[in-house]
Every structure is written in C-alpha cells, then in structure tokens.
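A quick write-up on the structure given underneath.
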Amino acid sequence: MKQEFDVVVVGSGAGAMLTAIKAHDEGLSVVVLEKSEQYGGTSAISGGGIWIPLNDQVNDDREAALTYMRAAAQGQVDDKRLVAYVDTAAEMVRYMTSATRVRYAACHRYPDYYPALPGARDGGRTMDPELFDGALLGDELARLRTPSPATLLMGKVSMTARDAHKMLAKEKGWKLIFAKLMLRFMLDWRWRKKTGRRTDRRLALGNALVAGLRHGLMTRNIPLCLNTALQSLVYDGQRVTGVVAGQDGKLVEFAARRAVVLAAGGFERNQALRDQYLPQPNSAQWGVTPPNNTGDTLVAAQALGAQTDLMGWAWWVPTVAVPKEDSQRGLFAERSLPGCIAVDGTGQRFVDEAKPYLEFVTAMYARHRENGRCVPAWLIFDADFRHKYPMGPLMPGQVAPDSRLRKSWLNIVYWKADTLESLAAQIGVDAKGLTATVAQVNEDAASGVDRDYGKGSNVFDRYYGDVNVKPNPCLAPVAKGPFYAMKLDAGDIGTKGGLLTNEDAQVLHQSGAPIAGLYAIGNTSASVMGPSYPGAGSTLGPALTFGYRAALHIARAP
Ligand code: FAD
C-alpha cells in the first residue's frame with residue numbers, strides 16, 4: 001500500500017508538528033508519522049522552554065546575540081546556521097503564536113547559561129509556555145505523552161516555569177502562588193470527575209507546547225499516524241522520495257513529492273550507538289527521555305551517505321534512579337540551593353554544583369578520566385537542607401518527612417547516616433576526603449566565597465539559589481545530622497550529535513552537497529549550539545526554528 005503527500009514528517013515532537021503546520025499553511029499536503037502509541041516525544045515531557053534571542057518581549061541586540069552564540073559554539077558550527085537561527089527564531093515564535101493556540105512569555109530574570117561570555121544577557125531570551133486548556137484536545141488528550149510527576153505540584157497540579165522558580169527560590173509571594181494554584185485545581189474537580197483524569201486540566205511546560213501544536217494539526221486536519229515507525233528512506237538515485245514505515249505489523253510506503261523531514265529525536269535510547277559514539281561509562285537507562293528515540297532515522301540517512309557531527313555529545317544532566325519509574329529524574333535546578341555539595345569517590349568536589357547541567361556532567365566525565373571515581377558522583381546534604389528544600393524525587397522534609405517516604409527508597413534513592421563518616425562508609429566514598437571537603441565548604445559558607453569552584457559567584461548560579469540566604473544564596477554549611485547522600489548518574493535529556501544540516505535544515509551528504517528531498521531537525525540533526533548549552537530552551541528553540549525554516553524552504557524550492 002502506498003500513500004502520497006507533499007511532505008512526510010517523521011516524529012511528533014514539537015519541531016515536527018510545527019514543521020507540519022507551517023508546510024500546510026504554505027499550501028502543501030503533509031502527514032506526520034510517530035513510532036509510539038503516544039505523540040509528543042521528549043518535547044511533551046520537557047520544560048517547554050525556548051531560547052529565543054531578539055524575541056518581541058525583550059530589548060535584545062542582534063550583534064550581542066550572535067557574539068554570544070559564536071562564543072558558545074566554539075567555532076564548531078557553520079556561521080550561516082548561527083546567523084539563520086538568530087535571524088529566524090523570533091519570527092518563528094510570531095508565526096507559532098499567530099497560527100496556533102500556543103502562547104509564550106519571556107522569563108525576564110532567567111539568565112543565559114554562560115554569563116561570562118560576551119553578549120550574554122541576564123534574562124529574557126528564555127521563553128516559557130503559558131498554560132494550555134487540555135480539554136480543547138477532546139479524546140486526543142489521552143494520547144499526549146504524560147509529563148513526569150516531578151513537574152507537577154504534589155504530582156497533580158500544573159505550573160509554569162516562572163511560578164515554579166518563584167516557589168523554589170522562596171521569593172516574596174511564593175505562598176500565595178502555591179495557594180492560587182491549589183485552589184484553581186480544587187475548583188476544577190467536576191471536569192476531573194467527568195473525564196476520570198487525576199491531573200490538572202491545564203497543561204504546562206512541554207505538555208502545553210505539544211498540546212497547542214496538536215490542536216493546530218487537528219484544526220487543519222493534518223493526519224498524525226501513531227504506531228508508525230520509519231524503517232528506511234526511499235531514494236531514486238537523485239532524491240529522497242519517501243519512507244517505508246512499519247505500521248500494524250505491515251510495511252507501508254509514504255511517498256513524498258517534495259520532501260521528508262526527519263524529526264525523530266536522537267539516539268539516546270540505543271545502547272549500541274551510545275557505545276559507538278558517547279564517552280564511557282554511559283547507559284541508555286540513565287536518561288530522562290521516553291524509550292523510542294533509538295536513532296532509526298539517523299541510521300537510515302547514514303545509509304545514503306549523510307554526514308554527521310558532534311556525535312560524542314549529549315544534552316547531559318545528572319540523574320537519580322527511582323524504583324518503578326521508566327526513566328530517571330534529572331536534577332536541573334536543585335544543585336544551586338545552599339547546603340548541598342557534589343563529590344567524587346575520593347570525597348572531593350569536582351565542580352561548581354550550580355553550573356548548567358551539561359557542564360556538570362562534562363565535569364563528571366573529566367574527573368572520571370583522571371581518577372575513575374566520578375561516574376557515578378554523590379550529592380551530599382544535611383538535615384537542614386533536607387527539611388527546607390526539594391532534591392530530585394524528595395520533596396522538602398517539612399512537607400514529606402523521611403517517615404512518609406517509601407521504605408524502598410532508602411539506600412536506592414537516598415542514603416542517610418548520623419555522621420559523615422558512616423555516610424561515607426555506606427556509599428563507598430573516602431571518609432577522610434569527605435570530612436575535609438565539608439570542613440572547607442563550611443568555612444566558605446560563612447564568608448560567602450567558594451574558594452575552589454565559585455558556587456554562587458555569577459547571576460546564573462544565583463537564579464536557583466535561596467534569596468533568603470546571605471551572603472551567598474547558593475552556599476550554606478553541611479553541618480547538622482543526619483546527613484544524606486544521593487547517587488548521581490551521567491544522564492541525558494537527549495543526544496546532541498546527528499545529521500549535519502545547512503541553514504535550511506537540508507541534510508548534507510559526505511560530499512558537502514545537500515541530499516535532495518531530505519531535511520533533519522531537532523536532535524536528529526547536529527545541534528546548532530555546537531558542544532554548548534547557551535540557555536534554557538536551546539534544544540526546542542532550534543527544533544522549532546529549523547522546522548519552520550525547513551517548511552519554508554520546501555515550499556519555495558523550484
Ligand atoms: P522528541 O521530542 O523526542 O520527538 C521525537 C519523536 O520521534 C518521538 O515521539 C519518537 O517516538 C519519534 N520517533 C523515534 N523514532 C521514530 C521512527 N523510526 N519513526 C517515527 N517516529 C519516531 N529542551 C528545551 O529546549 N527546553 C526545555 O525546557 C527542556 N526541558 C526538558 C526537560 C526534561 C525533563 C527533558 C527530558 C528534556 C528537556 N528538554 C528541553 C530537551 C528537549 O525536550 C529535547 O531535546 C527535545 O524535545 C527533542 O526534540 P525532538 O523533536 O528532537 O525529539
């Protein structure tokens with residue numbers, strides 16, 4: 001059986017869906033193919049943040065944005081792609097918000113991740129989705145990939161990233177925000193009773209983005225085929241003319257008159273590809289992503305001679321394993337809070353704990369290469385920290401004391417002991433090293449200056465610190481027993497390397513020329529950010545922007 005469209009989009013993450021919507025609005029017929037029984041991929045469980053230089057809600061400067069991206073990319077990305085990103089990202093947001101019900105607000109105080117680089121801003125380039133009413137999706141809501149309970153208040157109530165930040169940092173008014181969110185949720189009990197859903201009707205973060213885009217597909221009658229997995233590309237010797245996909249146990253051909261857009265995520269869930277490309281040790285089990293991104297489209301394009309780049313990189317994040325959960329929990333923000341430190345097996349620190357997640361895991365690997373004792377690493381905190389702050393799956397002790405935690409979590413999710421020495425013995429960390437490290441950290445907490453790694457010394461570190469802690473919102477002593485430890489794996493939220501593309505998302509052949517009819521976006525393509533993570537939203541911003549550019553290029557090609 002063969003079906004024919006102008007454009008075949010493979011994958012149903014945010015970039016894929018926006019590509020389909022834009023291609024449709026340019027007058028093309030489109031189909032979206034999705035391997036899983038749910039749509040949305042990692043995009044749906046993400047924070048939904050997008051990093052948009054020059055967006056309409058900030059007073060940004062083009063040269064500053066380009067200078068910053070160039071510095072972050074470290075000469076590893078073709079300048080035409082960087083320029084294309086800076087010049088199109090805001091236009092893409094304007095289009096998305098006019099063509100769909102997705103809405104974004106700039107996070108005015110969320111700084112770029114590398115404040116020391118030229119052109120960095122203290123806030124405004126990261127944008128956060130507004131809440132989306134899931135009821136607008138009708139029955140399709142049930143097929144939207146569900147977010148991790150970690151992103152919902154009490155595992156049920158949706159919140160924007162801006163509200164989550166105010167509550168985490170305990171900013172003035174945070175209790176009122178908490179109360180309003182809870183009240184809104186409680187008053188909506190009728191809808192939950194009618195639909196049988198336990199969680200909030202209002203969707204937030206990546207769920208809001210993907211739901212808004214799914215709504216855009218629905219209003220345009222763009223078909224989305226679930227349980228349909230690309231197996232190979234059809235190539236007539238000159239151009240890609242379609243894909244062969246497995247569907248209901250049969251092979252089906254989707255012919256593409258104009259183009260195939262590969263938007264099927266990275267290869268993070270394929271251990272063989274990880275072993276071939278990523279640093280060791282690594283594991284597909286340490287990641288935070290759903291199970292379907294196994295690099296199928298990467299391999300299919302490589303079979304046609306496609307070039308790849310940045311294959312040794314992932315969007316790293318330290319993660320914690322939680323029993324009975326399909327993927328691990330990422331520690332994105334809590335490491336900045338005062339009174340926690342990260343150590344290797346010798347009990348020594350190896351990084352400013354508040355650094356961006358990619359840099360944190362990069363530092364884990366760097367230390368591991370030196371002494372073989374930093375993957376896994378250990379996070380250490382004390383009773384005060386445990387009482388006041390969340391850490392991964394542990395809500396603050398004042399809300400969820402140890403007595404209310406699942407018994408099975410002890411010695412798996414967290415370790416606990418009355419003294420640092422016995423904690424060190426339990427987790428196999430050198431006790432002398434750990435006590436010496438803690439002694440220095442406690443001295444530094446009093447002065448507010450982290451002599452070794454500068455935790456809290458820049459605007460990004462302080463964003464997730466506790467504003468009430470002085471003189472440094474990211475430093476406090478680790479002094480009061482019992483003491484706690486958490487095991488940190490070198491996890492990821494997707495891989496960063498993939499098919500090398502040009503500024504219009506065309507896949508490049510090893511000869512350097514574009515492969516006619518073949519485009520790649522999102523984590524299927526090598527990131528426009530090079531080996532860096534310039535700010536929150538550095539993966540979804542480009543996935544959407546290059547999807548938008550791909551659709552325009554396909555529509556305008558002769
Ligand atoms: P995905 O969104 O994963 O979509 C790929 C889709 O392709 C999947 O649905 C998959 O099932 C499908 N697929 C795979 N193989 C096939 C096949 N053979 N045939 C058909 N379909 C296939 N990034 C940001 O920029 N901002 C954030 O705020 C942010 N927060 C995050 C928070 C968390 C907890 C996590 C886990 C990630 C976060 N990320 C964030 C990262 C971001 O979500 C991903 O990098 C991004 O979603 C990748 O988009 P994608 O379209 O490449 O892949």
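Give the residue that is farthest from Ala436 (Cα to Cα), with candidates limited to residues of the range 329-348 that are open to solvent by 20 Å² or more (accessible area, probe 1.4 Å) and of a type outside the set (Ser, Thr, Tyr).
Arg329
Looking at the range 270-291, which of its residues are open to solvent by 50 Å² or more (accessible area, probe 1.4 Å) and near the ligand (Cβ under 10 Å from one of its atoms)?
The answer is Pro291, and nothing else.
In the range 102-154, which residue that is over 21 Å from the mean Cα position of the chain (by Cα) and under 30 Å from Gln74 (Cβ atoms) is surrounded by the most Cβ atoms within 10 Å (Cβ to Cβ)?
Taking the candidates together, the pick is Gly119.
Restricting the search to the range 48-62, which residues are assigned to a loop (DSSP other than H, G, I, E, B) and more than 16 Å from the ligand (Cβ to nearest atom)?
Across the range 48-62, the qualifying residues are Leu54, Asp56, Gln57, Val58, Asn59, Asp60, Asp61.
Kindly establish whether Arg367 is surrounded by 20 or more Cβ atoms within 10 Å (Cβ to Cβ), of a type in the set (D, E, K, R), in a helix (DSSP H, G or I) and under 20 Å from the mean Cα position of the chain (by Cα).
The answer is no for Arg367.
Of all the residues that make up the range 292-328, how many are away from the ligand (no atom under 13 Å from the Cβ), under 20 Å from Gly242 (Cα atoms), in a loop (DSSP other than H, G, I, E, B) and open to solvent by less than 20 Å² (accessible area, probe 1.4 Å)?
Total satisfying the criteria: 1.
Of all residues in the range 486-515, count the ones that are more than 13 Å from the chain's Cα centre (by Cα) and within 10 Å of the ligand (Cβ to nearest atom).
Here the count works out to 1.
Would you check which residues across the range 153-166 are among the hydrophobic types (A, V, I, L, M, F, W, C) and away from the ligand (no atom under 12 Å from the Cβ) and list them?
Leu153, Met154, Val157, Met159
Please determine whether any residue of the range 242-258 is assigned to a helix (DSSP H, G or I) and either surrounded by 14 or more Cβ atoms within 10 Å (Cβ to Cβ) or of a type in the set (S, T, N, Q) (or both).
no
Suppose we filter Gly535, Gly522 for residues that are crowded, with 24+ Cβ neighbours inside 10 Å, in contact with an Asp or Glu (Cβ under 9 Å, 6 or more places away or on another chain), not assigned by TED's automatic domain parsing to the domain that holds Val361 and not polar (S, T, N, Q); which single one remains?
Gly535 is the lone residue from the list that is crowded, with 24+ Cβ neighbours inside 10 Å, in contact with an Asp or Glu (Cβ under 9 Å, 6 or more places away or on another chain), not assigned by TED's automatic domain parsing to the domain that holds Val361 and not polar (S, T, N, Q).
Please enumerate the residues belonging to the range 217-239 that are touching a residue at least 40 places away in the same chain (Cβ under 8 Å), among the small types (Gly, Ala, Ser) and within 18 Å of Ala259 (Cβ to Cβ).
Ser232
So is Arg451 open to solvent by 60 Å² or more (accessible area, probe 1.4 Å) and farther than 29 Å from Tyr114 by Cα or not?
Here the answer is no, as Arg451 does not meet what is asked.
Take the conditions more than 15 Å from the ligand (Cβ to nearest atom) and open to solvent by less than 30 Å² (accessible area, probe 1.4 Å) and apply them to Leu475. Does it pass?
yes
For the range 155-168, give me the residue count where each residue is open to solvent by less than 50 Å² (accessible area, probe 1.4 Å) and closer than 16 Å to Gly535 by Cβ.
Qualifying residue count, the range 155-168: 2.
Would you point out the residue of the range 393-404, among those that are in a loop (DSSP other than H, G, I, E, B) and open to solvent by 20 Å² or more (accessible area, probe 1.4 Å), that is nearest to Gln328 (Cα to Cα)?
Met395
Only one of (1) out of contact with any helix residue (DSSP H, G or I) (no Cβ under 7 Å at 6 or more places or on another chain); (2) in the same structural domain as Val375 (by TED's automatic domain parsing); (3) in contact (Cβ under 8 Å) with a residue 12 or more places away in the chain is not met by Lys324, so which one is it?
Lys324 satisfies every listed condition except (3).
Per-residue answers, yes or no, for (1) near the ligand (Cβ under 9 Å from one of its atoms); (2) open to solvent by less than 10 Å² (accessible area, probe 1.4 Å); (3) aromatic (Phe, Trp, Tyr):
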| residue | (1), (2), (3) |
| --- | --- |
| Asp6 | no, no, no |
| Ser12 | yes, yes, no |
| Ala16 | yes, yes, no |
| Glu34 | yes, no, no |
| Tyr39 | yes, yes, yes |
| Ser46 | yes, no, no |
| Ala64 | no, no, no |
| Thr67 | no, no, no |
| Arg70 | no, no, no |
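With the requirement that a residue be outside the structural domain of Gly48 (by TED's automatic domain parsing), charged (D, E, K, R) and without any contact (Cβ under 8 Å) to a residue 24 or more places away in the chain, what does the range 129-182 give you?
Asp163, Lys166, Lys172, Lys175, Lys180
Quick grid of which residues meet (1) aliphatic (A, V, I, L, M); (2) modelled with pLDDT of 95 or more; (3) not in a helix (DSSP H, G or I):
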| residue | (1), (2), (3) |
| --- | --- |
| Thr19 | no, yes, no |
| Val32 | yes, yes, yes |
| Ala44 | yes, yes, no |
| Ala71 | yes, yes, no |
| Lys80 | no, yes, no |
| Thr88 | no, yes, no |
| Ser98 | no, yes, no |
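Would the range 190-203 turn up any residue that is at pLDDT below 95 and of a type in the set (A, V, I, L, M, F, W, C)?
Yes.
Being more than 13 Å from Gly541 (Cβ to Cβ) and either of a type in the set (A, V, I, L, M) or within 15 Å of the ligand (Cβ to nearest atom) (or both) is the requirement here; does Ala84 meet it?
no
Among the residues of the range 516-534, is there at least one that is assigned to a strand (DSSP E or B), more than 16 Å from the ligand (Cβ to nearest atom) and hydrophobic (A, V, I, L, M, F, W, C)?
Yes, the conditions are met somewhere in the range 516-534.
Only one of (1) in a loop (DSSP other than H, G, I, E, B); (2) in contact with a Leu (Cβ under 6 Å, 6 or more places away or on another chain) is not met by Ser36, so which one is it?
Unmet condition: (2).
Please go through the range 197-208 and give me each residue that is farther than 15 Å from Leu136 by Cβ and open to solvent by less than 60 Å² (accessible area, probe 1.4 Å), ordered by number.
Once the filter is applied, which keeps residues that are farther than 15 Å from Leu136 by Cβ and open to solvent by less than 60 Å² (accessible area, probe 1.4 Å), the range 197-208 yields Thr199, Leu205, Gly206.
Can you tell me which residue is nearest to Ala354 (Cα to Cα) among those in the range 438-460 that are among the charged types (D, E, K, R) and touching a residue at least 12 places away in the same chain (Cβ under 8 Å)?
Taking the candidates together, the pick is Lys455.
The values are calculated or read from the model by the stated rules, or taken from the named source; none is laboratory data. On a predicted model such as this, the values are computed, not experimentally measured, just so you know. All Cβ positions, even for glycine, are placed from backbone atoms using ideal geometry, and neighbour counts span all protein chains on display. Surface accessibility is based on the protein's heavy atoms, side chains included, excluding ligands, DNA and RNA. Shrake-Rupley method; radii C 1.70, N 1.55, O 1.52, S 1.80 Å.
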